[in-house]
Amino acid sequence: QFAFQENEIKLLTAEIERLKNFGCLGVSPSLEGLRDENAKLKYRLNFLQKSLQEERSKTAKSMININSCLQEIFGAAIQAAYPELENPPLVVTPSQQPKFGDYQCNSAMAISQILLKTKEQKVIPREIADKIAKNIPANDCIEKVEIAGPGFINVHLRKDFVSKQLSSLLMNGVQPPAIGKRKKVVVDFSSPNIAKEMHVGHLRSTIIGESMCRLFEFAGYDVLRLNHLGDWGTQFGMLIAHLQDKFPDYLTVSPPIGDLQAFYKESKRRFDTEEEFKKRAYQCVVLLQSKNPDFIKAWELICDVSRKEFQKIYNCLDITLIERGESFYHEMMKDIVKEFEDKGFVQVDDGRKIVFVPGFPVPLTIMKSDGGYTYDTSDLAALKHRLCEEKGDILIYVVDSGQSVHLQTVFAAGQMIGWYDPKVTRVAHAAFGVVLGEDKKKFKTRSGDTVRLIDLLEEGLKRAMDKLKDKERDKVLTAEELKAAQTSVAFGCIKYADLSHNRLNDYVFSFDKMLDDRGNTAAYLLYAFTRIRAIARLANIDEQMLRKAAREEVLILDHEKEWKLGKCILRFPEILQKILEDLLLHTLCDYLYELATTFTEFYDNCYCVEKDRQSGQIVKVNMWRLLLCEATAAIMAKGFDILGIKPVQRM
């Protein structure tokens, strides 16, 4: 990227010189034209030089992904050792045990198999590993390598390299790894239906989607967060008909619809049992779709009541979304049908217009026999708008696994008609499993109803407060601190319980487990974080002193637990890179738990602050160890921020 920008700067500079010469040599083009052209080129040149400077400055501050660095080093070594191999396997992973070094390159075994199959050469992996090791280029990060077992290359990092990276982190803050060109990411998540309450089924999409957006934003992408509300369709006919009967003066007096769920159930019951009402409901749909102003007003009233209820939940969970429901795409749908027709993809089946997509047995219905549109049509319209109008480079749909076949069919149809090339644009379904109760069945209330999300959040707040009072926190915290701890624990635990499970699997919702302050839970991590933050404070070391120490102190990593913690802290960028690729956020939760437990080992074995046993007075502060505490807390804080969890100073 830098090379490309530098080359363009050279070309622009040369062109500006050429235009200067035009004037000097008295060549005839209009002087005004030359000045305009010159001004444009200079503007472009200044812009490029400034953006190149900014990118360089960002890259200099970016946290280094050590795994990626090692992959580059070993990639070059393998290329030098075996230039005849095309795309040789490159496997670099952190070592599981200290005796095997810090990282391992495990490519030799796979290369041995390739040489046997393609060249009929039988070479033992140890020889291959030795040859790779001898071709490792000069670098700043590797202290030494050792060949072990059948052909593993154990990598030992240089202590001064790790120390320097930790100092950079402390001085520059937690910076994202460099990502190259800034891409646009469109994330479709939450997506409840108007006139229906958000229930526990919406919890996963909302939490996972928010966290993905935060990760991509931190990594420097341009993120568009979309709420694809179910705000259009035949159900609005019965709702509007019911509204007209119950609140006939709705056009002049705002109807006091308190419980929209009950309102929906009443209208549905009438639709199923009253033939006259059913006919009128269908007429209402036609009038709504033809944009009759009275019916649009009724539709907007119903949508507004829902929006207010949804927003209460979004405020609790600190969720940010741009609403773009199905109604947004309504005007585009006839063009979608025409485009598929013009390209010869449409078949007529019993009056319906359908599209078969190769590899998918069930066709998409893009127009019903009565001329109405379907979810298939609105999803195709949304896909095209996100690709062609929003110019999304990466599209992520955070939707439950049950929609997998439908979404894959829609994506394949978009590809078939030429809206995008999967080699250039990434369109992904970030699927997730269902929330189960402790009986391992779908999470329901005792009466068998779906659990309302607002009830779940209120129960979480109540239980968090009970837990804090059990621990007698109400006796040491102010009322304000107690309230902050309650919301931090309640909502943090609900989010973390979801995000710490592989999203592809179903997970069991249990307040008792998620509020446990032992094990891999938000309660444990939040408590660990407040303890780490308190170490410097209790040693009377303020932020200014820590900043000064970060500039001047060398981080000594002689103790094995210091070394282990330092390396663990620096794995943060490679964890994020992995999630940007596979969209599995539980990896970040596992990492934060590993970081917290690694810190505990360090703190139990390495004195940060030494006190007199008799008086309790501080006799020595080991500043480099306090800086390790600070670096750990900084990474944890950024991890919490990505997960949407708010830590507190006192807990």
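If we keep just the residues of the range 110-127 that are open to solvent by 50 Å² or more (accessible area, probe 1.4 Å) and touching a helix residue (DSSP H, G or I) at 6+ places or on another chain (Cβ under 8 Å), which is nearest to SER68 (Cα to Cα)?
ARG126
Identify the single condition in (1) of a type in the set (D, E, K, R); (2) in a helix (DSSP H, G or I); (3) at pLDDT below 90; (4) surrounded by 13 or more Cβ atoms within 10 Å (Cβ to Cβ) that ARG463 does not satisfy, given that it satisfies every other one.
Of the numbered conditions (1) of a type in the set (D, E, K, R); (2) in a helix (DSSP H, G or I); (3) at pLDDT below 90; (4) surrounded by 13 or more Cβ atoms within 10 Å (Cβ to Cβ), the odd one out for ARG463 is (3).
Could you list, in sequence order, the residues of the range 494-510 that are more than 14 Å from ILE208 (Cα to Cα) and open to solvent by less than 20 Å² (accessible area, probe 1.4 Å)?
If the condition is that a residue be more than 14 Å from ILE208 (Cα to Cα) and open to solvent by less than 20 Å² (accessible area, probe 1.4 Å), then PHE509, SER510 are the ones that fit.
So LEU457 ticks every box in (1) among the hydrophobic types (A, V, I, L, M, F, W, C); (2) over 30 Å from PRO358 (Cβ atoms); (3) modelled with pLDDT of 95 or more but one. Which box is left unticked?
(3)
Of all residues in the range 175-190, which are modelled with pLDDT of 95 or more and either buried (at least 19 other Cβ atoms within 10 Å of the Cβ) or β-branched (Val, Ile, Thr) (or both)?
VAL185, VAL186, VAL187, ASP188, PHE189, SER190
Take the residues in the range 256-279 that are of a type in the set (A, V, I, L, M, F, W, C) and under 42 Å from the mean Cα position of the chain (by Cα); name whichever of them is nearest to ASN193 (Cα to Cα). Before the answer, list the steps.
So the first thing to find is which residues in the range 256-279 are of a type in the set (A, V, I, L, M, F, W, C), and the list is 257, 260, 262-263, 271, 277.
If we keep only those that are under 42 Å from the mean Cα position of the chain (by Cα) too, we end up with 257, 260, 262-263, 271.
Working: ILE257: 17, LEU260: 12, ALA262: 15, PHE263: 14, PHE271: 18 Å.
Among residues in the range 256-279 that are of a type in the set (A, V, I, L, M, F, W, C) and under 42 Å from the mean Cα position of the chain (by Cα), the one nearest to ASN193 (Cα to Cα) is LEU260.
List pairs: first residue in the range 318-347 and without any contact (Cβ under 8 Å) to a residue 60 or more places away in the chain, second residue open to solvent by less than 30 Å² (accessible area, probe 1.4 Å) and of a type outside the set (Val, Ile, Thr) anywhere in the structure, Cβ distance under 6 angstrom, at least six positions apart or on different chains.
Cβ pairs passing all conditions: TYR329/SER378; TYR329/ALA381; TYR329/ALA382; MET332/ALA381; MET333/ALA381; ILE336/LEU380; ILE336/ALA381; VAL346/PHE340.
Within the bounds of the range 383-400, is there any residue that is of a type in the set (Gly, Ala, Ser) and modelled with pLDDT of 95 or more?
Yes.
Of everything in the range 227-260, what is without any contact (Cβ under 8 Å) to a residue 60 or more places away in the chain, within 23 Å of GLU276 (Cα to Cα) and either of a type in the set (D, E, K, R) or open to solvent by less than 20 Å² (accessible area, probe 1.4 Å) (or both)? Give them in sequence order.
Residues satisfying the conditions are GLY237, MET238, ALA241, HIS242, LEU243, ASP245, LYS246, ASP249, TYR250.
Got at least one residue in the range 529-536 being part of a helix (DSSP H, G or I), touching a Gly at 6+ places or on another chain (Cβ under 6 Å) and open to solvent by less than 50 Å² (accessible area, probe 1.4 Å)? Can you show your working first?
The initial filter retains those residues of the range 529-536 that are part of a helix (DSSP H, G or I), namely 529-536.
Cutting the leftovers down to touching a Gly at 6+ places or on another chain (Cβ under 6 Å) gives us none.
No, the range 529-536 contains no residue that is part of a helix (DSSP H, G or I), touching a Gly at 6+ places or on another chain (Cβ under 6 Å) and open to solvent by less than 50 Å² (accessible area, probe 1.4 Å).
Test GLU630 against the stated conditions and say whether it is among the charged types (D, E, K, R), in the same structural domain as SER488 (by the TED database) and in contact with a Leu (Cβ under 6 Å, 6 or more places away or on another chain).
For GLU630, the condition - among the charged types (D, E, K, R), in the same structural domain as SER488 (by the TED database) and in contact with a Leu (Cβ under 6 Å, 6 or more places away or on another chain) - is met.
Output the residues belonging to the range 509-528 that are assigned to a helix (DSSP H, G or I) and under 26 Å from the mean Cα position of the chain (by Cα).
The initial filter retains those residues of the range 509-528 that are assigned to a helix (DSSP H, G or I), namely 511-514, 522-528.
Passing the criteria: PHE511, LYS513, MET514, ALA522, ALA523, TYR524, LEU525, LEU526, TYR527, ALA528.
Can you find a residue in the range 425-445 that is assigned to a helix (DSSP H, G or I) and either open to solvent by less than 60 Å² (accessible area, probe 1.4 Å) or not hydroxyl-bearing (Ser, Thr, Tyr) (or both)?
No, the range 425-445 contains no residue that is assigned to a helix (DSSP H, G or I) and either open to solvent by less than 60 Å² (accessible area, probe 1.4 Å) or not hydroxyl-bearing (Ser, Thr, Tyr) (or both).
Which of the helices (runs of 4 or more DSSP H) found entirely inside the range 97-184 contain at least 1 residues meeting this: closer than 24 Å to LYS567 by Cα and not β-branched (Val, Ile, Thr)? Break it down into steps so the answer makes sense when it comes.
Details: elements: 108-118, 125-134, 159-172.
Answer list for the range 97-184: 125-134, 159-172.
Would you call ALA195 in a loop (DSSP other than H, G, I, E, B), among the hydrophobic types (A, V, I, L, M, F, W, C), on the phi > 0 side of the Ramachandran plot and modelled with pLDDT under 95?
Yes; evaluated as a whole, the condition is true for this residue.
Mind checking which residues of the range 565-614 are of a type outside the set (Ser, Thr, Tyr) and more than 28 Å from GLU217 (Cα to Cα)?
GLU601, PHE602, ASP604, ASN605, CYS606, CYS608, VAL609, GLU610, LYS611, ASP612, ARG613, GLN614, listed by residue number.
Could you check the range 140-169 and list, in sequence order, the residues that are at pLDDT 95 or above, touching a helix residue (DSSP H, G or I) at 6+ places or on another chain (Cβ under 6 Å) and open to solvent by 30 Å² or more (accessible area, probe 1.4 Å)?
Residues satisfying the conditions are VAL145, ILE147.
Taking the conditions exactly as written (under 21 Å from ALA497 (Cα atoms) and assigned to a helix (DSSP H, G or I)), does GLN486 satisfy them or not?
yes
Give the range 344-361 a look and list any residue that's surrounded by 12 or more Cβ atoms within 10 Å (Cβ to Cβ) and part of a loop (DSSP other than H, G, I, E, B), or say none.
Within the range 344-361, PHE345, PHE356, VAL357, PHE360 meet the criteria.
The values are calculated or read from the model by the stated rules, or taken from the named source; none is laboratory data. The shown structure was predicted, so the numbers you read here are calculated from the model rather than taken from an experiment. All Cβ positions, even for glycine, are placed from backbone atoms using ideal geometry, and neighbour counts span all protein chains on display. Just the protein is used for accessible areas: all its heavy atoms, side chains included, with ligands, DNA and RNA removed. Shrake-Rupley method; radii C 1.70, N 1.55, O 1.52, S 1.80 Å.
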